[in-house]
1. Could you work out the local net charge near Glu29, counting Lys and Arg as +1, Asp and Glu as -1, over the other residues with Cβ closer than 15 Å to its Cβ?
2. Could you tell me which of the pairs Lys8/Lys94; Lys10/Lys71; Lys38/Lys129; Lys8/Lys129; Lys8/Lys64 are separated by over 31 angstrom between their Cα atoms in the structure shown?
3. Give the shape of segment 9-52 as rounded, prolate or oblate, defined through the alpha-carbon gyration tensor: a ≥ b ≥ c are the square roots of its eigenvalues, a/c under 1.5 means rounded, and otherwise the shape is prolate if a/b is larger than b/c and oblate if not.
4. Is the shape of segment 2-81 best called rounded, prolate or oblate, per the rule: a/c under 1.5 gives rounded, else a/b larger than b/c gives prolate, else oblate, with a ≥ b ≥ c the square roots of the Cα gyration tensor eigenvalues?
Amino acid sequence: MILTRVEKEKSVDCLFDSSNIVASSYNTENRDLTVTFKRGTQYIYRNVAQRDYTRFELAESQGKVLNTHIKSYAFIKGDVINVEALINEVNSVKVDEGKVQEEILFKNMQDFIIGTEIDGKMNMELLDKINELTIKVLNNEK
C-alpha cells in the first residue's frame, strides 16, 4: 500500500507499506520503473506503460501487481543499496498516520458523547464510524 508519493519534474517516487517492496521511482520520460526491495536489491523495469505503473502505484499489494503486470517487462538488476533510511522513513510515516487515526477516533467519540448528552439520542452513524476507526487503530491500519 502506498504511504508517500512525491512527483518531481521527470519522476514519481513512492514509499510503500509492503512485506517485500520498500520504494519505487518511475521516470515519466523514459518510463523506467526502479523497484527497491527491503533486502536492498533494486530492479529497473524498462519502458513500463503508464497504465501498468499506475496499477502498481495504486494497488493494495504492490507485490501482486509486480508479479502480474510489471515482471513481463525487460529489466536489469540494479545496485544493492542500504535501505535502512527508507525503512525508517516508512516506519515514521506509519506512526504518524496511526496518530492521525487516533485523533480522528477521539474526536468522533467526543462528538458522539456530546451529541448523546444534548438530545439523549444515539447517533448510530457516528457510532459505526467510531467502531470502524477503533478496529483500524487497534490493527494499525489506515
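Computed from the coordinates by the stated procedures, all read-outs in this text should not be read as laboratory data. The shown structure was predicted, so the numbers you read here are calculated from the model rather than taken from an experiment. As a convention, Cβ positions derive from the backbone with ideal geometry for all residues, glycine included, and neighbour counts pool all protein chains shown.
1. On the way: positive: Lys8, Lys10, Arg31, Arg46; negative: Glu7, Glu9, Asp13, Asp32.
Taking every Cβ under 15 Å from that of Glu29, the sum is 0.
2. Details: Lys8/Lys94 23 Å; Lys10/Lys71 23 Å; Lys38/Lys129 34 Å; Lys8/Lys129 36 Å; Lys8/Lys64 26 Å.
Pairs exceeding the cut-off: Lys38/Lys129; Lys8/Lys129.
3. Working: a/c = 2.10, a/b = 1.80, b/c = 1.16.
Prolate is the answer for segment 9-52, as a/c is 1.5 or above and a/b outweighs b/c.
4. Note, shape of segment 2-81 comes out rounded.
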